[in-house]
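Here's the structure we're looking at; comments come further down.
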Amino acid sequence: MDDLTSYTIEEIAELLKVEKNIIETEVESGKLAAFMIGGQWRITRKSLADFIAQGGSRPIIVKPLNNVLSEVGTNKTEPFQYTWPDGKTEEYSEAYEGIVDKGDAHFEYKVGVCERFAAGQKRKRVTVFINGRPTVEFVGTNDFRENKKVASLITLPNKKRLKPTQAVPNEYRSFNIVRYNSVVIGPRAANTMAVLTNIDDIDSMVAHAIIRANYRDNK
């Protein structure tokens, strides 16, 4: 039962000799697992021990896929269409494609850019196809016009979305991870974690899609 002993944000901050807002940031990013009760965060002894054992907020060094992508290169290609299972056809006015060979795995990717209504307004939408299959989608943030940022939800191998209370998987430690509804604000915007990147950062978008494809194919 000692593992279930819980602490407040303030108690953890005092224990680690840091400001309260630093602990809040680690919790919000999902690096320090926590749960909420009565509108207040609580952190278990086990969560704190796991956080420290994993190196705290220090990024875990994982060979980034974008290094591989940079070597291969991404080519701009012709606009294309894709018909979704519900019968709706989407027009991608801007498109890119390329190939990644990583170990024994071979990935052919295609990236389509369009606009679609989401979370209460029309937004930029990027779909990444891996080996012909739509794998992840990115949505323009509320301040897209100013910063050109897009966000994509993180889905775990169990097909559930990564919650703010869960630790970020090692594969995603080199990404910029945020709470989705903190950047895509509107009706039905999920309160789960997402990859945030620039719409021109094809490398990161494809890397996210390849991680998701690996989760899907190795379930």
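Quick notes
- Among the residues listed as 134, 157, the single one being modelled with pLDDT of 95 or more and either hydroxyl-bearing (Ser, Thr, Tyr) or within 24 Å of residue 174 (Cα to Cα) (or both): 134
- Of residues in region 194-219 being out of contact with any helix residue (DSSP H, G or I) (no Cβ under 7 Å at 6 or more places or on another chain) and of a type in the set (A, V, I, L, M), the one surrounded by the fewest Cβ atoms within 10 Å (Cβ to Cβ): 199
- Qualifying residue in region 153-163 (condition: touching a Gly at 6+ places or on another chain (Cβ under 9 Å), basic (Lys, Arg) and more than 30 Å from residue 40 (Cβ to Cβ)): no
- Counting only strands (runs of 3 or more DSSP E) that sit wholly inside region 80-196, those with at least 2 residues that are of a type in the set (D, E, K, R) are 89-92, 94-102, 105-118, 121-130, 133-140.
- Look at (1) assigned to a helix (DSSP H, G or I); (2) of a type outside the set (Ser, Thr, Tyr); (3) in contact with a Phe, Trp or Tyr (Cβ under 8 Å, 6 or more places away or on another chain) and you find that residue 10 fails only one, number (3).
- Candidates 76, 88, 102, filtered to the one that is within 19 Å of residue 204 (Cβ to Cβ) and surrounded by fewer than 12 Cβ atoms within 10 Å (Cβ to Cβ): 76
The values are calculated or read from the model by the stated rules, or taken from the named source; none is laboratory data. No experiment lies behind these values; they were computed from the predicted model shown. As a convention, Cβ positions derive from the backbone with ideal geometry for all residues, glycine included, and neighbour counts pool all protein chains shown.
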